[in-house]
Amino acid sequence: MKLKTMISLFRYFATSLPRYLTTLTTFFCISCFSIKAQTSYDDQVRAYVDTYKGIVVQDMRTYGIPASIKLAQAILESRAGQSVLATEANNHFGIKCHEEWTGKTYRMDDEQPNECFRKYDNAVESFRDHSVFLTTRDRYRFLFSLDAQDYRAWAYGLKSAGYATNPQYPDLLMSIIERYNLNQYDLPEREIVAVITTRADEDLMNAYLSLFTYLGPGPNNRKVYLNNHVQCTIALEGDDLLTIARDFRTKTTDLMQFNDLKRAGGISKGQVVYLEKKKGKATQKLNVVGNNQTMWEISQVFGIRLANLYRKNHMPEGLEPPAGKVLRLR
């Protein structure tokens, strides 16, 4: 090779190398950012699933909607709980007001400017309203003749029923279900493992309490609620049954009986205290046991007598269920 040619090639590579290096660096930076962003979103979705999988499993048993479908819809519609509608209005399914809605509302631009969306006090209300929304409308009735473990049929069925206008809606749902293995929550009861984190348990307990029917003020700044057709109140800081009995002019021994307690102490702030005898069954059919959740706590949340709860599940009294176990409440 001639010397002049070699010098020309050297000059070419010398001037081009920085440009190539810059291009390669930019490519790798974009790739790393994309991988990091996807990993962060995956973590966000998994945390969302951990928080709400107990609710969707319960609703599957109560309403017949596949847990995988319900979770996938919530993830897609709310961006795993990060959308404006989810953060500002606790609306995780994008359900609009419609004529029959008499609850709170939230306005935002969607397909049309300033559209009306339903607003909830907490996420549990949103999940439950979604179940009622699907089970009370004729256009979705055919879905409940489908196999509850066939999430593909449900995904296409929702699209054909007009739940969403996006033609890719079934594919998006199926992609989410398969990416995060959500169909594991559609398994029969004996195979379900739905362990809820302790933090989520506390959030869910507060959410369930907020769904009690408020009856009005009680003595000494207390509030009286109705749960499972039984009147109750919520324990205040430093409470015991003696104080509550005095305030409501009832016997401490009666409160002990109503709440399946052996002694007048043993309650803490935020716990449900029934003022009447609890019922022999709950309004809800099933409950997935949360992490560290006891039979007594479950009986208090759903207003069912502790002995009845043990009998319905063929468990000896005193035995505590493992997290993820499905308990019968009716």
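The numbers here are math on the coordinates, done by the rules we state, and not lab data. A quick note: this is a predicted structure, and the numbers were derived from the prediction, not measured. So basically every Cβ, Gly included, is an ideal-geometry build from the backbone, and we count neighbours across all protein chains shown.
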Local electrostatic count, Ile95, Cβ distance below 12 Å [Lys/Arg +1, Asp/Glu -1]
-1
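What's the exposure ranking of Cys116, Cys232, going from fewest to most Cβ atoms within 10 Å?
Details: Cys116 15, Cys232 24.
The order, fewest Cβ neighbours first, is Cys116, Cys232.
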Low-density loop trypsin sites (Lys or Arg not before Pro), region 79-185, at most 16 other Cβ within 10 Å, DSSP non-H/G/I/E/B, are Lys104, Arg137
Mean Cβ neighbour count within 10 Å, used as a protection proxy, ranking 215-227, 247-259 highest first
247-259, 215-227
Under a 5 Å amide H to amide H cut-off, with H placed in plane at 1.01 Å, what residues pair with Gln271 once short-range neighbours are removed?
Ala235
Students often get this wrong, so check it: of Lys70/Lys223; Lys262/Lys285; Lys96/Lys281; Lys251/Lys312; Lys70/Lys325, which have C-alpha atoms separated by over 26 Å?
Lys70/Lys223; Lys262/Lys285; Lys96/Lys281; Lys251/Lys312
5 Å is the cut-off here: which amide hydrogens, built 1.01 Å from N in the peptide plane, fall below it relative to Lys325, excluding neighbours closer than 5 in sequence?
Val289
Using the Karplus curve 6.51 cos²θ - 1.76 cosθ + 1.60 with θ = phi - 60°, what ³J(HN,Hα) values do you get for each residue of region 168-184, in whole Hz, with x for Gly and Pro?
8, 4, x, 5, 5, 4, 5, 4, 5, 4, 6, 5, 10, 6, 6, 5, 5
Could you give me the ³J(HN,Hα) list for region 305-320, computed from phi with Karplus coefficients 6.51, -1.76, 1.60 and θ = phi - 60°, whole Hz, x at Gly and Pro?
4, 4, 4, 5, 4, 5, 5, 4, 10, 6, 10, x, 4, x, 7, 9
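Relative contact order (percent) for region 46-190, with alpha-carbon contacts under 8 angstrom and 6 or more residues of separation?
On the way: 181 pairs, mean separation 37.8, N = 145.
It comes to 26 percent, rounded to a whole number.
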